[in-house]
Every structure is written in C-alpha cells, then in structure tokens.
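Working notes, structure below.
The values are calculated or read from the model by the stated rules, or taken from the named source; none is laboratory data. Bear in mind that the values here come from a model prediction, so they are computed numbers and not experimental data. Every residue, glycine as well, gets a Cβ built from its backbone with ideal geometry; the counts of neighbours run over all protein chains shown. Side chains are part of the model used for accessible areas, which takes the heavy atoms of the whole protein and leaves out ligands, DNA and RNA. Shrake-Rupley method; radii C 1.70, N 1.55, O 1.52, S 1.80 Å.
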Amino acid sequence: MKIAIISGSHRNPSQSEKVARHIEATLQAEQPGMDTWLYTLADNPLPLWDQSLWEDNPEWNARLAPLREQLAASDGFVIVTPEWHGQVPAGLKNFFLLFNRFELGHKPALIVAVSSADGGAYPVAELRMSSYKNNRICYIPEHVIVRNVEKVLNADAADNDAGADAYFRERISWALGVLAGYAGALKPMREKVQLHHDKFGNGM
Ligand SMILES: Cc1cc2nc3c(=O)[nH]c(=O)nc-3n(C[C@H](O)[C@H](O)[C@H](O)COP(=O)(O)O)c2cc1C
C-alpha cells in the first residue's frame with residue numbers, strides 16, 4: 001500500500017512541511033511495508049488552473065503526468081494544510097482543481113491542519129465542505145489539528161514543549177493507524193464496485 005502526503009503551504013520552509021515530514025517518517029517506521037510519497041506545494045510548483053487543462057494541452061499533460069501517476073498509485077492521502085487567514089492556502093485549492101476522481105476518488109484521506117497559535121479548525125471545515133465533490137476523496141472522520149506548531153515535532157527536543165510534543169506524536173501515530181486501516185479496507189471495495197459512471201462524472 002501507498003500513502004501520499006501533500007504539504008499545502010506555499011512557504012519554504014514551512015511548519016506544514018515539517019509536520020508532513022514527521023508524518024512520512026512515522027508511516028515508514030510504524031506501518032510495515034507502507035510506501036510513501038511526499039509532495040510539497042512550497043514555492044508554488046503548480047501553475048494556476050486554466051481552461052487549456054480541459055483541452056488536452058500537451059504542456060499540462062507533461063507537467064501533471066508524473067504527479068497523476070503517483071496519486072493514482074496511492075491508496076490514501078494525508079492532506080497537511082496550514083490555516084492562512086482562516087482558510088486553506090490557494091495553492092492547495094488549486095491542487096484540488098488539477099486532480100480528479102481517477103487519481104483521488106474513493107480513497108481515504110486524513111486532514112492535518114497546522115496553526116502557529118490556537119487556530120486550525122477553519123481549514124478542516126473548508127476541506128470537508130468543499131474539496132471532495134468531484135474528485136470523491138474520502139475524508140475520514142478522524143483529523144488532527146497541530147496547534148502551537150512551533151513548539152512540537154522539532155528535531156531538537158529543547159525546542160519542544162515536552163507535554164504537547166508527546167501528545168501530538170501519539171495522536172498522529174494513532175490517526176495514521178486509523179488511516180492505514182481505511183486504506184486497506186477501501187482498496188478491495190474500489191476493485192469490486194463500478195465507481196465511474198459516464199453520466200455521473202461530477203458529484204451533486
Ligand atoms: C498569510 C498567512 C495567514 C495566516 N493566518 C492564520 C490564521 O488565520 N490562523 C492561524 O492560526 N494562523 C495563521 N497564520 C500562521 C500560520 O498558522 C503559521 O504560519 C504556521 O506556521 C502554519 O503555516 P506554514 O505551514 O506556512 O508555516 C497565517 C500565516 C500566513 C503566512
């Protein structure tokens with residue numbers, strides 16, 4: 001099985017990428033045989049959606065092909081998103097315009113929101129409300145909000161709030177186990193059920 005981790009911050013470096021790298025290391029250490037792929041939106045590697053994407057533009061196809069391949073080969077996702085002005089960053093919303101049900105559809109995803117203070121709830125609500133309709137990504141009921149992120153998951157223990165750091169390491173580890181369970185359970189479902197219907201290409 002394979003889990004793709006998307007780090008949604010445009011900043012480089014960013015706290016979201018720190019969290020994403022911790023998540024990748026945890027999956028590799030705790031989920032035997034699990035393959036991982038981390039993709040970061042640092043420095044905006046993806047152009048904004050434009051109409052030619054729907055017109056078989058060869059430039060778009062060449063650019064997206066390797067990403068489509070990685071996403072299509074994944075059985076689940078971790079979407080790491082900072083809260084920026086109470087929202088998901090524009091680059092992450094753009095990501096959800098560029099990839100579709102053939103890459104993301106009917107695969108479980110864990111939302112991990114990141115805040116330097118006590119925020120982080122708004123991006124969870126936003127992703128659950130408006131990012132899944134056409135691509136059919138399946139957000140699992142569990143999510144994680146890493147608050148006061150600068151004080152946790154740092155390589156140097158001296159930079160961490162020990163109590164909060166231990167809590168988030170344990171919570172992330174547990175949530176990833178739940179995600180892995182959904183990934184294993186939904187894989188045979190996708191093989192058994194006719195998921196794509198010509199008439200119902202988009203969600204309602
Ligand atoms: C443009 C911008 C807007 C932000 N707005 C919020 C916010 O609304 N709520 C919040 O908790 N943190 C906010 N922050 C702080 C982030 O939580 C903080 O930068 C944190 O490290 C996560 O972002 P990062 O992954 O880009 O580092 C904002 C940061 C930026 C750059």
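Annotations for the structure displayed:
- Residue match in segment 19-41 (condition: within 12 Å of the ligand (Cβ to nearest atom) and hydroxyl-bearing (Ser, Thr, Tyr)): yes
- Tabulated pairs, segment 14-31, first of a type in the set (A, V, I, L, M, F, W, C), second in a helix (DSSP H, G or I) and buried (at least 21 other Cβ atoms within 10 Å of the Cβ), C-beta under 9 angstrom, 6+ apart or interchain: Val19/Val149; Val19/Phe168; Val19/Ile172; Ile23/Ile172; Ile23/Leu176; Leu27/Leu176; Leu27/Leu179
- Test: residue in segment 141-159 that is within 16 Å of the ligand (Cβ to nearest atom), open to solvent by 20 Å² or more (accessible area, probe 1.4 Å) and in a strand (DSSP E or B): yes
- Selection count, segment 14-44, where residues are open to solvent by 80 Å² or more (accessible area, probe 1.4 Å), at pLDDT 95 or above and in a loop (DSSP other than H, G, I, E, B): 2
- Only one of the numbered conditions (1) within 15 Å of the ligand (Cβ to nearest atom); (2) surrounded by 16 or more Cβ atoms within 10 Å (Cβ to Cβ); (3) free of Cβ contacts under 8 Å to residues at least 60 places away in the same chain is violated by Leu104, and that is (1).
- Breaking point among (1) surrounded by 13 or more Cβ atoms within 10 Å (Cβ to Cβ); (2) within 23 Å of Ala73 (Cβ to Cβ), for His196: (1)
- All positions within segment 164-190 that are open to solvent by 50 Å² or more (accessible area, probe 1.4 Å) and farther than 18 Å from Ile3 by Cβ: Ala166, Tyr167, Glu170
- Test: residue in segment 53-63 that is in contact with a Phe, Trp or Tyr (Cβ under 9 Å, 6 or more places away or on another chain), more than 17 Å from Leu110 (Cα to Cα) and either touching a residue at least 60 places away in the same chain (Cβ under 8 Å) or not aromatic (Phe, Trp, Tyr) (or both): yes
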